[in-house]
Amino acid sequence: MKRMFKEYREFFREFRSRFETTGAVAPSGRFLAGALSGPLKKHDGPVRVLEVGPGTGAVTRQIVKHLKPGDRFDLVELNENFVESLNRLFSEEDLFRAVAEFSEVHLCPLQEFEASEPFDFIISGLPLNNFPAALVEEIFESYWRLLAPGGTLSYFEYMYVRPVRRLVSKSDEKQRLTDLDKILGTHLENHRIARDWVFVNAPPAWVQHLRRQESVAAADSTAG
């Protein structure tokens, strides 16, 4: 309980100072974290896992439970305070220390992150609905660049947030939300394999699971 309150306090502090990149008032709940990490439960052999925007480590805590020796785990985080907290987890908590040897936290934007090999799973906590449409497109280009063919991308968004925002927004914001609908809709239409409804979360959320095809560019251009 003490650890949970500490995570909430730190997350809220960063939310107040960096709303656009933090995106939520509190870290992901247990059920949301479980849905995001769900595809990992089915893996057998060694896998490469990338977590994007781990924050204080709420989802990370679920991911590491499924990792085994021989796996590779990279985390990309833009907030230096969160990076410091994550590194502390990997050095101090037994659950994290068990996988620390094959885990690494990177302080950089996703677009600048390079990997020696593609990943089998990408799990993202980025607040896409807060970003400009062009940035979301760049982020998806990075997802597909880093994901192996047949690999799974999992990300979440709060239910119906764009339609609700559109009702109360001015014209520029309405256009941004409309552009986001088109971008996200195209990727979902071409790549989605499942969607989880997580009602026990504040606010309720969808977890989208997408699979990378052999030719992502060709698939996405077909829907245009």
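Sparse packing (at most 12 other Cβ atoms within 10 Å of the Cβ) combined with a DSSP loop state is found for the following GluC sites (Glu not before Pro) in segment 112-155: Glu114.
Computed across segment 92-224, the Kirkwood radius stands at 16.4 Å (inverse of mean 1/r, all Cα pairs). Using the average count of surrounding beta-carbon atoms within 10 Å as a protection proxy, the listed peptides 151-161, 49-59 rank, highest first, as 49-59, 151-161. Reducing segment 37-62 and segment 145-162 to their Cα centroids gives an inter-centroid distance of 13 Å. Taken one residue at a time, the phi angles of segment 193-204 give Karplus couplings (6.51, -1.76, 1.60, θ = phi - 60°) of 10, 6, 9, 9, 9, 10, 7, 8, 7, 10, x, x Hz. Gly and Pro are set to x. Extension gain for Val164 to Phe113 (0.36 nm times residue separation, less C-alpha to C-alpha distance): 15.0 nm. Working note: Debye formula, equal point scatterers on the alpha-carbon atoms of segment 2-217, no solvent; log10 I(q)/I(0) at q = 0.11, 0.12, 0.15, 0.16 Å⁻¹ is -0.50, -0.61, -0.98, -1.13.
If you keep only loop residues by DSSP, which trypsin sites (Lys or Arg not before Pro) in segment 140-180 have at most 16 other Cβ atoms within 10 Å of their Cβ? The qualifying sites are Lys170. Under the combined filter of DSSP loop state and at most 11 neighbouring Cβ atoms within 10 Å, segment 165-219 retains these GluC sites (Glu not before Pro): Glu214. Taking amide hydrogens as placed 1.01 Å from N in the peptide plane, the amide H of Gly29 sits under 5 Å from those of Ala202, each at least 5 positions away in sequence or on another chain. Around the amide H of Ile123, modelled in the peptide plane, lie the amide H atoms of Leu50, Glu51, Val52, Ser154, all under 5 Å away and 5 or more residues distant in sequence or on another chain.
Ordered by the number of other Cβ atoms lying within 10 Å of each residue's own Cβ, fewest first, Ile193, Ile183, Ile122 fall into the sequence Ile193, Ile183, Ile122. Positive contributions from Lys and Arg (+1) and negative ones from Asp and Glu (-1), summed over other residues with Cβ under 9 Å from the Cβ of Gly151, come out at +2. Packing, as the average of other Cβ atoms within 10 Å across residues, places the peptides 36-43, 196-203 in the order 36-43, 196-203, highest first.
Just so you know, all these numbers are worked out from the coordinates, no wet-lab data involved. Because the structure is a prediction, the values reported are computed rather than measured. Here Cβ is always computed from backbone atoms with ideal geometry, including for glycine, and neighbour counts include all displayed protein chains.
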